[in-house]
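A short worksheet on the structure shown next.
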Amino acid sequence: MPRRPPRACSSPGCPALTHERFCEPHDQEDSRRRDAERGTSTERGYGARWQRLRVLVLKRQPICNLCKRKPATEVDHIKPKAAGGGDEMDNLQGLCKPCHTRKTYAEARGGRGGKSLEGSPLDRRGSLAHAAATLIKGGS
């Protein structure tokens, strides 16, 4: 399939053409800005204690808890910290990078539709929990 033609960089006043959102120099600048806004891993709650927990979770669960095929390389909060989940061992699971990315993306989309982790369409409210409850009840 042919690529779409390049378009202007999204940085105001930049005439460079790119296939991405920003040209290379502005993409690097945008990445540095976003990293600075995020703060360090310690500032975000992922310091030495988290690193120790991470090692324990990956030892306990060496295979991805979702796909059950690939090695677990990342630790995920089953109930996200933003939704009140904590760093307790029963709220942590080992996931492979692709499954963790998909899960995080689905959570970030919230009620905006999309597909579940298994690839099936989400219910009209966009809730994975509601979709699971609906399946259990046998409804649609």
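Taking the conditions exactly as written (in contact with a Pro (Cβ under 9 Å, 6 or more places away or on another chain) and either surrounded by 12 or more Cβ atoms within 10 Å (Cβ to Cβ) or free of Cβ contacts under 8 Å to residues at least 24 places away in the same chain (or both)), does Ala36 satisfy them or not? It is false that Ala36 is in contact with a Pro (Cβ under 9 Å, 6 or more places away or on another chain) and either surrounded by 12 or more Cβ atoms within 10 Å (Cβ to Cβ) or free of Cβ contacts under 8 Å to residues at least 24 places away in the same chain (or both). Quick one: which residue in Leu95, Leu58 is at pLDDT 85 or above and in contact with an Asp or Glu (Cβ under 6 Å, 6 or more places away or on another chain)? Every option except Leu95 fails the conditions. Consider region 21-76 and keep the residues that are among the small types (Gly, Ala, Ser) and outside any helix (DSSP H, G or I). The one that is farthest from the chain's Cα centre (by Cα) is Gly47. Scanning region 65-93 for residues that are surrounded by 14 or more Cβ atoms within 10 Å (Cβ to Cβ) and touching a Pro at 6+ places or on another chain (Cβ under 7 Å) returns a single hit, Ala72.
Within region 3-54, the set of residues being within 23 Å of Cys96 (Cα to Cα) and at pLDDT 90 or above comprises Ala48, Arg49, Trp50, Gln51, Arg52, Leu53, Arg54.
The values are calculated or read from the model by the stated rules, or taken from the named source; none is laboratory data. For clarity, every value in this text was computed on a predicted model and none was experimentally measured. Because the Cβ atoms are built from the backbone with ideal geometry, glycine has one as well, and the counts that use them run over all protein chains shown.
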